[in-house]
Amino acid sequence: STLYPLLMRKGTGLVVQVTRPSSSRFVFPWGFIYDIPLYSDREPQFCSIVENWDDRSPLFTDTPHQCPTGKHAPNTLCPFGFWGFRHSIEQLSRTDKPPTPIAAPADFTMVMAETQYEVDRDLLKVHAKDLAGILKRTFPGAHLDEGLDLASIKALLGQDTPLVYFYCHGERPKYGSSDTILGVGNREILSSKDFNGWVTEWYDYGEGRLIWDKVRPLIFINACHSIDINPDSLVTYLDAFIGTGHASGVIGTEVRVDQTLAMEAAKEFFESFLGGASIGEALHKMQADFLRSGNLFGLAYTPYCWSDLTLKKM
């Protein structure tokens, strides 16, 4: 009851901080909140930039946090009515150590954990090559390592790495289950319980080796095609990657996304983030780039971390 009036007084481009209770698996899609009042007794009017759009020219220029036409009257449909386009939303999870800028050694490895089924493998190879090129341009000594099956993914995750990128599927562990797990490799699965077990194994059988200790990574989960990653399931991965693994944060899709659009979104995000932008800035630029062409797709990505988290060269 007090948050909305405060946001209206403060304006746009704000940081909305949401803390997730550790005892709850409920996730609310804050970026999808639409706060321009709509009435049921009359047809809404479109914002003029939408009404006059020719489907070819950009809707707007730059990367604004508010509609270029200004504040709207009630009963108006405008993409900037969504919080996700006007503000940076950071959803925080419990951790025993507050995250600092992610430390990136000069010769670090970026891990790309991939699925190998029900995707266009040629497009996936091009996508990995594009990301490797972006990485080399910003961190010449770094390299991209691809995990193409569960065993190689496990080996790659068992090291200190600042960036982990999952290009995977959402799968049901069994018919009728409401849970969703990550589908990688050739129809292999990686559950949050599996990862928790790996952390214990690395510590108990690796002479007390802690992963992600000095370098606490950002985890980007692009769950494409198949069954979507639902919010409840994403929470279990937050608890595993952030709570158990002490990652700095997780960016995830809570709906099913198209392969081509998902690749474009990840490419744009990493280009900005590796170039020095914060997570909030990189996500906003990616969202604005999609919106400029009339696509709301960017709202599908939710950050579970501090919006001002950056990658810092050691």
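Give, in nm to one decimal, the length gained when the segment between Thr100 and Ala73 is fully stretched (0.36 nm per residue of separation minus the Cα-Cα distance). Difference between extended and current length: 5.6 nm.
Within the chain, the longest run free of trypsin sites (Lys or Arg not before Pro) that sit in a DSSP loop with at most 10 other Cβ atoms within 10 Å is 57-173. Surface calculation, 1.4 Å probe, protein heavy atoms: Tyr304 sits at approximately 10 Å² accessible. Report, to the nearest whole %, how much of the accessible area of the range 70-136 belongs to carbon and sulfur atoms, 1.4 Å probe, protein only. C and S atoms contribute 57 percent here. With Rg and the Kirkwood Rh both taken from Cα atoms, where does Rg over Rh land for the range 60-208? Across the range 60-208, the Cα-based Rg/Rh ratio is 1.06.
The label point for Tyr205 and the one for Thr260, both projected 7 Å from the Cα toward the Cβ, are 4.5 nm apart.
State whether the range 236-314 is rounded, prolate or oblate according to the following rule on the C-alpha gyration tensor (a ≥ b ≥ c being the square roots of its eigenvalues): a/c under 1.5 gives rounded; otherwise a/b larger than b/c gives prolate, and the remaining case gives oblate. Here the range 236-314 falls in the oblate category. Would you work out if the range 53-137 is rounded, prolate or oblate? Take a ≥ b ≥ c from the square roots of the eigenvalues of the alpha-carbon gyration tensor; rounded if a/c is under 1.5, else prolate when a/b is larger than b/c, oblate otherwise. Taking the square roots of the gyration eigenvalues as a ≥ b ≥ c, the range 53-137 is oblate.
Estimated at 0.36 nm per residue, the fully extended path between Gln45 and Asp308 surpasses their Cα-Cα distance by 91.1 nm.
Under the rule a/c < 1.5 gives rounded, and otherwise a/b versus b/c splits prolate from oblate, where does the range 103-171 land using the Cα gyration tensor? Cα axes put the range 103-171 in the oblate bin. Full extension of the chain between Asp107 and Asp54 gives 14.4 nm of extra length, using 0.36 nm per residue less the Cα-Cα distance. Restricting the GluC sites (Glu not before Pro) of the range 267-314 to loop positions (DSSP other than H, G, I, E, B) with no more than 10 neighbouring Cβ atoms within 10 Å leaves nothing.
Once both labels are positioned 7 Å from their Cα atoms along Cα-to-Cβ, the gap between Ile189 and Lys136 label points is 3.8 nm. The angle between the Cα long axis of helix 121-138 and the longest principal axis of the Cα atoms of the chain comes to about 90 degrees, rounded to the nearest 10. For the chain, DSSP calls about 25 percent of its internal beta bridges antiparallel. At an R0 of 45 angstrom, the distance between the Cβ atoms of Ser293 and Tyr175 translates into a FRET efficiency of 0.70.
Inter-label distance, Thr19 to Asp122: 5.2 nm, where each label sits 7 Å from its Cα along the C-beta direction. Put simply, the chain fits an ellipsoid with semi-axes of 34, 21, 20 Å; these come from the alpha carbon gyration tensor as the roots of five times its eigenvalues, largest first. Summing charges over all other residues whose Cβ lies under 14 Å from the Cβ of Thr115, with Lys and Arg as +1 and Asp and Glu as -1, gives -3.
The values are calculated or read from the model by the stated rules, or taken from the named source; none is laboratory data. Only a predicted model underlies this, so the values are computations on that prediction, with no experimental measurement involved. FYI the Cβ positions are ideal-geometry reconstructions off the backbone, even for glycines, and counts take in every protein chain you see. In case anyone asks, the SASA skips ligands and DNA or RNA and just uses the protein heavy atoms, side chains included. Shrake-Rupley method; radii C 1.70, N 1.55, O 1.52, S 1.80 Å.
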